[in-house]
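Heads up: the structure comes next, in structure tokens.
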Amino acid sequence: MTMTPRRTLHPYTTHNAAVDSQLAGLVAAFGDGLDRRLLTEMLISVYRLGQGGSSTGDLKILNAALKELTHAFKVFRPYRAIRKVALFGSARLTREHQAYAIAKEFGRLMTRAGWMTITGAASGIMKAGQEGAGRPASFGLNIRLPFEQEANPVIATDSKLINCKYFFTRKLLFLKESHATALFPGGFGTLDEGFESLTLVQTGKSDPRPIVFVDTPGGTFWNPLLKFFERQLAQGGMIASSDRSIYQVAQSAEQAAHTILRFYSTYHSLRYAGDRLVLRLQRRLSDPAPGQLTREFRDVLTSGSIQQGVALHEEADEPELRHLPRLILRFNRKDYGRLIDLIHRINDLGQTPDARHQTSAHA
């Protein structure tokens with residue numbers, strides 16, 4: 001997920017200089033200047049909770065959420081350089097359902113492509129995805145419920161199984177730690193996670209990602225929902241016509257894997273540097289490509305043109321990505337469906353014969 005450092009017009013303090021100094025001293029040995037400021041502000045928030053007479057119930061929620069996230073970040077940290085797909089689907093579907101075999105094959109294909117798979121760790125589609133991915137390439141984000149809460153045997157005793165008390169921390173982890181969303185047939189939970197992905201990408205609160213509705217060959221599970229998107233939301237003016245680009249449909253494991261892998265075939269990642277959007281690429285585009293993209297996507301530029309370049313000085317905190325070529329533009333930060341279109345177009349222009357072979361071979 002896109003994380004933007006919080007900017008404050010006024011210092012965030014306890015309004016007690018002695019206490020502020022003590023709290024700053026507690027983190028003086030940690031991280032760099034920005035890390036220390038953020039840690040200090042977190043301690044100040046805890047102090048102000050006490051000052052404000054927060055209820056025990058409020059403190060319990062914050063305490064449990066902070067402990068959950070602290071543990072989860074520690075578990076994911078060694079694997080941050082590996083791309084991951086969040087796989088959702090019903091816990092109630094058995095091996096006899098056609099979607100089970102497709103989810104299993106999808107997990108296998110993603111592992112073969114070098115990805116890891118994150119599921120809700122329960123039975124059904126989640127178990128199938130992790131059977132295919134294999135235990136070493138699997139994460140589980142289990143939710144503690146009175147029913148359907150048991151972790152499946154693939155991930156049950158693995159150190160990469162994380163048990164969550166709250167759905168909101170679990171959803172944050174699914175989106176923050178993954179790079180794609182695959183939605184298999186499922187119930188309220190699957191729909192909840194799917195709409196979370198759609199909303200965050202549409203509003204720019206998450207980096208662009210492939211979101212794939214996966215059905216069985218010739219299946220119609222997602223058809224009523226997708227028709228609702230078209231007839232009620234798009235035609236009713238409740239979403240932009242370009243928002244259709246945010247999601248895609250697949251009817252096989254191979255098609256779903258190909259859709260995800262192709263999204264990152266030339267495009268790599270993005271970040272903002274002031275008012276400029278920097279798109280990092282796997283390979284440099286041809287010299288005419290930026291001009292062509294400028295003509296095709298001028299509607300999302302606030303000024304100037306799309307330029308091909310190298311890492312900006314604002315990106316110095318990510319030295320491991322410095323070698324990647326860049327496209328640099330001033331994006332209006334509004335039309336995120338069109339930004340997805342731009343990424344697809346970049347992938348079109350960057351598809352060398354070798355890259356096409358590699359992407360199809362993975363899937």
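Every read-out reported here was derived from the displayed coordinates using simple, explicitly stated rules and does not represent laboratory data. Here the structure is a predicted model, which means the values were calculated and not measured. FYI the Cβ positions are ideal-geometry reconstructions off the backbone, even for glycines, and counts take in every protein chain you see.
Oblate is the label for the chain, because a/c, from the alpha-carbon gyration tensor with a ≥ b ≥ c as root eigenvalues, is 1.5 or above and a/b does not exceed b/c. Quick one: work out the % antiparallel among DSSP beta bridges in the chain, nearest 5. Beta bridges within the chain, antiparallel portion: roughly 40 percent.
Here residue 29 and residue 49 are evaluated by their C-beta separation; at R0 = 25 Å the FRET efficiency comes out at 0.55. Longest exposed-loop-site-free stretch of the chain, with chymotrypsin sites (Phe, Trp or Tyr not before Pro), DSSP loop and at most 12 other Cβ within 10 Å? By the stated rule (loop sites, at most 12 other Cβ atoms within 10 Å), 148-363.
For residue 249, nonlocal amide neighbours, meaning residues 5 or more places apart or on other chains whose placed amide H falls under 5 Å from its own, are 213.
Check each of the trypsin sites (Lys or Arg not before Pro) in region 22-90 and keep only those in coil by DSSP with at most 11 other C-beta atoms within 10 angstrom; list them in order. Provide the component values of the computation, followed by the final result.
Values: sites: 36, 37, 48, 60, 67, 74, 80, 83, 84; in loops: 80, 83.
Sparse-neighbourhood loop trypsin sites (Lys or Arg not before Pro): 80.
Restricting the GluC sites (Glu not before Pro) of region 44-137 to loop positions (DSSP other than H, G, I, E, B) with no more than 14 neighbouring Cβ atoms within 10 Å leaves 96.
Quick check: residue separation of residue 241 and residue 316 times 0.36 nm, minus the Cα distance between them. What number comes out in nm?
Working: separation 75, 0.36 × 75 = 27.00 nm, distance 3.69 nm.
Full-extension gain reported as 23.3 nm.
Taking 0.36 nm per residue of sequence separation and removing the Cα-Cα distance, the residue 61/residue 333 pair yields an extension gain of 94.6 nm. Computed from the C-beta positions of residue 296 and residue 268 and an R0 of 22 Å, the FRET efficiency is 0.60 to the nearest 0.05.
Taking R0 as 22 Å, what's the FRET efficiency between residue 323 and residue 80 from their Cβ-Cβ distance, rounded to 0.05? Working from the Cβ atoms, E equals 0.75.
Computed from backbone phi with θ = phi - 60° and the Karplus coefficients 6.51, -1.76 and 1.60, the 3J(HN,Hα) list for region 280-290 is 7, 10, 5, 8, 5, 7, 5, 4, x, 4, x Hz; x is used for glycine and proline. Close amide H contacts of residue 277 (hydrogens built in the peptide plane, cut-off under 5 Å, sequence separation of 5 or more or a different chain): 329, 330, 331. Its DSSP H runs of at least 4 residues, each contributing -39,500 (n - 2.57), put the calculated 222 nm mean residue ellipticity of the chain at -12500 deg cm²/dmol, to the nearest 500. Comparing Cα centroids, region 153-194 and region 275-305 end up 34 angstrom apart. Under 5 Å between amide hydrogens, built in the peptide plane, is the criterion, and for residue 306 it picks out 294 among residues at least 5 positions away or on other chains.
Of 84/205; 127/165; 104/227; 74/104; 60/84, which pairs sit farther than 23 Å apart, going by alpha carbon to alpha carbon?
Values: 84/205 18 Å; 127/165 20 Å; 104/227 27 Å; 74/104 28 Å; 60/84 31 Å.
In this structure, 104/227; 74/104; 60/84 lie more than 23 Å apart at Cα.
Couplings 3J(HN,Hα) of region 40-46, computed from phi: 4, 5, 5, 5, 5, 4, 4 Hz, in residue order, whole Hz [Karplus 6.51 cos²θ - 1.76 cosθ + 1.60, θ = phi - 60°; x for Gly and Pro].
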